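Asker: Dumping the structure here so I can ask a few things about it.
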């Protein structure tokens, strides 16, 4: 019997938010560009891949445009 393929869908916007505010030490490039979010985001994705070993991985981000969620959660 074949194992079912696994698909992981990651909420990229929440990962970026968690990564940016979750790293207490300020990380930046030599020119001062903040890299906390990128560093944390990549680490979290690598952890999912290493620990869960999904067959497929998709990262989705929030739209800048108004969506149905704005109607449901106006604040």
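Asker: Inside the stretch 46-68, can you point out the residues that are closer than 29 Å to residue 5 by Cβ and in a helix (DSSP H, G or I)?
Answerer: Answer for the stretch 46-68, where residues must be closer than 29 Å to residue 5 by Cβ and in a helix (DSSP H, G or I): 46, 47, 48, 49, 50, 51, 52.
Asker: Of all residues being part of a loop (DSSP other than H, G, I, E, B) and in contact (Cβ under 8 Å) with a residue 40 or more places away in the chain in the stretch 1-39, which is farthest from residue 59 (Cα to Cα)? Just the residue, please. If you could, list the steps in order and put the result at the bottom.
Answerer: We begin by selecting, within the stretch 1-39, every residue part of a loop (DSSP other than H, G, I, E, B); these are 1-6, 23-27, 29-33, 35.
Filter again for in contact (Cβ under 8 Å) with a residue 40 or more places away in the chain, leaving 5-6.
Working: 5: 17, 6: 14 Å.
Within the stretch 1-39, the match that is farthest from residue 59 (Cα to Cα) is 5.
The numbers here are math on the coordinates, done by the rules we state, and not lab data. Quick caveat, the model's predicted, so the values are computed rather than measured. With ideal geometry, Cβ positions are generated from the backbone for all residues, glycine too; neighbour counts draw on all protein chains shown.
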